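Notes to accompany the following structure.
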Amino acid sequence: MDIIINKKRKIKTEDAIKILKEHGTIVTKEEAQVILDLSYEFAWIAVAQQNRENSASDKTEN
């Protein structure tokens, strides 16, 4: 799986570890990085899908 790595990420691995620990999930730094990579990838996919849907909707309205 190709993960898009964007250096402009606002959540650091250490922050993810802290947030997950507060909710009862203990992870290593490597695991937290994988979770962040997947989260950013899912977010990118969701935004791209929404943009496609909005674009298709705009075309049918015109």
>> How are the alpha carbon pair distances in the chain distributed across 5 Å bins from zero to the largest one, expressed in percent?
In response: 3, 16, 20, 17, 13, 10, 8, 6, 4, 2, 0
> How far is helix 13-22 tilted, in degrees, relative to the longest principal axis of the Cα atoms in the chain, given as a value from 0 to 90 rounded to the nearest 10?
Replying inline: 80
> Per-residue HN-Hα couplings for region 50-55, Karplus 6.51 cos²θ - 1.76 cosθ + 1.60 at θ = phi - 60°, whole Hz, x for Gly and Pro?
Replying inline: 5, 4, 5, 5, 5, 5
> Counting alpha carbon pairs within less than 8 Å and at least 6 residues apart, what relative contact order, in whole percent, applies to the chain?
Replying inline: 32
> Where a Cα-Cα gap under 26 Å defines reach, which lysines qualify for LYS29, not counting those fewer than 8 residues away within the same chain?
Replying inline: LYS7, LYS8, LYS10, LYS12, LYS18, LYS21
>> I need the peptides 46-55, 14-23 ranked by packing, meaning the mean over residues of other C-beta atoms within 10 angstrom, with the highest value on top.
In response: 14-23, 46-55
> Which length gain, in nm to one decimal place, applies between VAL47 and THR28 when the Cα-Cα distance is subtracted from 0.36 nm times their residue separation?
Replying inline: 4.0 nm
> Counting Lys and Arg as +1 and Asp and Glu as -1, each charge on the Cβ, what is the dipole of the chain about the Cα centre in debye, to the nearest 20?
Replying inline: 280
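Rule-based calculations on the coordinates, nothing more; no lab input. The model shown is predicted, which means the values in this text are computed figures rather than measured ones. With ideal geometry, Cβ positions are generated from the backbone for all residues, glycine too; neighbour counts draw on all protein chains shown.
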